Amino acid sequence: MRLKVKQTMINKKCYLEDGFTLTELIAGVSIIGILSTMIIGFSMQSVNKAKTAEGKVLINSYLKAIQSYYIENSTYPKSSGDLAQFVNINSCPIPNPRKCKTLPVGPPSNPLFWYTPSGNFKILFRPIYAPRNNTHIWAIPINPLSGLRVISGCYNNESNAAYVSEVLNNSHFYKYHNFC
């Protein structure tokens, strides 16, 4: 009998110590929530950096095409058709990143602006930008609240030098786009 009581007490004690208290559960869930929030924030920054890199790569390739066009023709390109002789220019027909994933891409319908195949940027091409006699090309995010940066490219026609810069947002783009 004494053994039965002792065994029952041991079983109850083990039963009471098996679980976590409410405080421990709340603390654990809180820590997991904070860590997941940090991870999501860091991953969104990485996604935006990758999308911004797409704009930089495109602007750099367009600037090299401007330079190649000048070397071949002794004049500067006037449209996307002229650039297309030296770089593949594909355009999504609409400014919508979700729909651009499923739509076919093709040559731009407008010679001075087009949308990137991903639909994240609008490319603006300004040949011989007065009064400085420079050729400018910009990659402007479709959604200004997306966290993407404006990529500005300039080809200085006098020094034959190309410049690329990142601008924080569209308002800075309109204020500081003459850096060349």
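We did not get these values from a lab; they are worked out from the coordinates using the rules stated. Nothing here was measured: the structure is a model prediction, and the numbers come from that model. Methodologically, a virtual Cβ is constructed for each residue, glycine included, from the backbone with ideal geometry; neighbour enumeration extends over all protein chains shown.
For a quick check of your reading of the filter: which trypsin sites (Lys or Arg not before Pro) in the range 61-112 sit in a DSSP loop and have no more than 13 other Cβ atoms within 10 Å?
In loop regions of the range 61-112 (DSSP not H, G, I, E or B), the sparsely surrounded trypsin sites (Lys or Arg not before Pro) are Lys101.
Select from the range 61-93 those chymotrypsin sites (Phe, Trp or Tyr not before Pro) which occupy a DSSP coil region and have at most 10 other Cβ atoms within 10 Å, ordered by residue number.
Hits after loop and neighbour filter: nothing returned.
Any idea how far the Cα center of the range 33-49 sits from the one of the range 50-110, in Å?
Here the two parts' Cα centres lie 31 Å apart.
Please give the charge dipole size of the range 51-176, origin at the Cα centre, charges +1 on K and R Cβ atoms and -1 on D and E Cβ atoms. Round to the nearest 20 debye.
440
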